[in-house]
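Okay, so here's the structure we're looking at.
Laboratory data are not the source of any read-out in this text; all were calculated from the coordinates shown. Fair warning: this is a prediction, and the values are worked out from it, not measured in the lab. Reconstructed Cβ throughout: ideal geometry from the backbone, glycine too, with neighbour counts over all protein chains shown.
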Amino acid sequence: MSITQEFFTNLQSQSQEKLTILDMYLEKWAYILGYSFTSLQRRTPLYYVDLFAGQGQYGNGQPGSPIIALNTLTRVHQNLMQDHDKNPNYNLIAVEKDPNNFIQLSENIQKFKSKVIVKTLNLEAIDALGVIENMVNNSPSLFFVDPFGVKDIPFSMIERISRIQRSDLIINFMYNFVQRFHNFEGVSDTLCELFGTDEFKHVTFDKERELIHLYRKQLQKIGYFTLNYKIKMPGKDRTYFHLIYATKEPRAIIEMKKVFKNMHESIQLDLFEIMERVNYEAEVLQKYNSPITFSQFIARELQSTEFNDSDLRKTLKSMKKKGLVDFDSNKLSDYRTVRNMLLYFKRNNGSFPQL
Ligand SMILES: C[S@@+](CC[C@H](N)C(=O)[O-])C[C@H]1O[C@@H](n2cnc3c(N)ncnc32)[C@H](O)[C@@H]1O
């Protein structure tokens with residue numbers, strides 16, 4: 001049985017976890033953008049792009065990523081119509097290079113009746129990009145990048161996607177492969193392309209943290225805020241892959257952080273109970289010497305700590321009470337004003353920075 005046949009016979013638990021995250025995030029993405037980018041005068045197109053779409057369905061009847069997306073976009077469309085009289089312009093682009101998978105995919109999509117506009121492309125992801133760039137043309141887009149290995153997602157391709165103005169990414173980063181081969185000369189070129197640098201050769205003792213950090217750093221260099229979520233091998237305490245999330249929109253990272261937190265909730269204690277808040281507050285004071293907007297602060301801390309949006313708000317309130325930060329509290333509860341609200345963290349010498 002080929003790798004493709006085997007993969008699509010049965011949906012494995014690690015793929016289920018990945019698809020649950022995609023679905024939870026896509027629903028939020030579709031509601032928020034569908035609501036705010038649709039008016040009577042204008043229906044800005046919104047694009048979900050499935051770059052490695054697969055067959056659309058698994059042998060055991062479970063839906064694959066493009067059908068999950070169609071389901072979710074259709075449901076959100078109906079809800080926004082009914083409850084808010086909105087008619088969002090959702091588009092799905094599904095790319096699949098394997099001709100057999102493509103036939104299955106097309107059949108599975110055709111069965112679906114929906115207001116979502118669908119375009120399928122039987123191409124290599126890299127070759128489909130030209131068509132996609134023309135279609136998306138800086139409308140908001142979410143790219144799901146879910147290849148089999150690592151060789152089909154060179155960093156140059158991710159960089160190209162990043163040049164689409166409002167593109168978010170969810171990338172399946174095959175850590176299991178990377179950690180096995182990062183010292184192996186034979187795949188050095190492939191890994192150089194994957195990371196867009198050869199720095200992966202210099203990882204030291206904490207391999208997983210450093211390799212994921214490096215990949216995220218590369219994404220941050222091209223303008224993204226990032227998060228990652230570890231998915232383990234079934235029944236083992238070993239990492240299979242990481243989902244890497246990248247967005248340029250500070251508000252969006254809050255939503256993905258909630259999704260990741262939800263997934264963890266059953267197994268994790270509230271981190272804030274464990275880690276001393278006081279230590280964290282001291283860290284924040286060290287880090288921010290000049291005024292920063294609330295949305296920049298939240299996005300940066302979400303990507304560099306385990307805390308969620310509400311933990312960070314609690315921290316700011318606690319610090320304000322102690323006189324460690326200054327901001328206009330009235331703006332905190334209104335999302336329209338809070339974004340650009342300035343935070344002035346106290347300096348070591350006791351003064352507050354000026355603008
Ligand atoms: C991991 S599977 C995708 C699974 C799908 N996202 C899902 O969740 O149901 C990867 C798919 O990408 C296809 N593929 C592999 N290399 C590709 C490439 N360079 N361009 C486009 N598709 C590719 C494979 O044939 C396979 O169907």
Exercise for review: Report the paramagnetic label zone for E193: residues of the range 119-154 whose backbone N is under 18 Å from a point 7 Å from Cα along the Cα-to-Cβ axis.
Suggested key: 123-130, 145-154
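For S156 and N134, what is the calculated FRET efficiency with R₀ set at 22 Å and r taken between the beta-carbons, to the nearest 0.05?
Working: r = 19 Å, r/R0 = 0.85.
About 0.70, to the nearest 0.05.
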Check your understanding: Where both partners of a DSSP beta bridge lie in the range 1-157, what percent of those bridges are antiparallel, to the nearest 5?
Key -> 10
Revision key, fill the gap. Treating only Lys and Arg (+1) and Asp and Glu (-1) as charged, each at its beta carbon, one finds that the range 271-345 has a dipole about its Cα centre, in Debye to the nearest 20, of 300
Review point. So what are the three principal axis dimensions of the range 3-265 from its Cα atoms, in whole Å, longest to shortest?
Key: 56, 40, 39
**Study point:** Under 20 Å from the R336 label point (7 Å along Cα→beta-carbon), backbone N, the range 224-257
**Key:** 250-252
Practice item. Could you grab the relative contact order for the chain? Cα pairs under 8 Å, six or more apart, rounded to a whole percent. Key: 13
Review point. With θ set to phi - 60° and the Karplus curve 6.51 cos²θ - 1.76 cosθ + 1.60, what are the ³J(HN,Hα) couplings of the range 144-161 in order, to the nearest whole Hz, using x for Gly and Pro?
Key: 9, 10, 10, x, 6, x, 10, 6, 8, 10, x, 5, 4, 6, 5, 4, 5, 5
**Study point:** Most positive-pole-ward Cα, I109, P63, P99, against dipole of the range 34-120 from beta carbon charges
**Key:** I109
Check your understanding: Mind checking the dipole of the chain: about its Cα centre, +1 per Lys or Arg Cβ, -1 per Asp or Glu Cβ, Debye to the nearest 20?
Key -> 1220
Check your understanding: Highest GNM mean-square fluctuation, the chain, Cα pairs closer than 10 Å: which of F184, F155, F102?
Key -> F184
Exercise for review: Take N79, project a point 7 Å from its Cα along the Cβ direction, then tell me which residues of the range 34-65 have their backbone nitrogen under 19 Å from it.
Suggested key: 34-39, 46-48
Revision key, fill the gap. Out of A125, I21, N183 - ranked by how far each Cα lies towards the positive end of the dipole of the range 3-265, with unit charges on the beta-carbon of charged residues - the top one is I21
Exercise for review: Give me the distance in nm between label points sitting 7 Å out from Cα along the Cα-to-Cβ direction at K217 and S106, one decimal.
Suggested key: 4.6
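Output the pairs from K97/K232; K201/K287; K207/K322 with a Cα-Cα distance over 31 Å in this structure; if there are none, say none. Don't jump to the answer; show the numbers that get you there.
Numbers: K97/K232 27 Å; K201/K287 29 Å; K207/K322 39 Å.
Beyond 31 Å: K207/K322.
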Study note, to complete from the structure: Length gained, R238-K317, 0.36 nm per residue minus C-alpha separation, equals 24.6 nm
Check your understanding: Between N279, N289, N262, which gets the highest mean-square fluctuation from a Gaussian network model of the chain, Cα cutoff 10 Å?
Key -> N279
Check your understanding: Which percent, nearest 5, of DSSP beta bridges in the chain are antiparallel?
Key -> 50
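Quick one: plug the Kirkwood hydrodynamic radius of the range 165-265 (C-alpha pairs) into Stokes-Einstein at 4 °C, 1.567 mPa s, and report D in µm²/s.
Approximately 89 µm²/s, per Stokes-Einstein.
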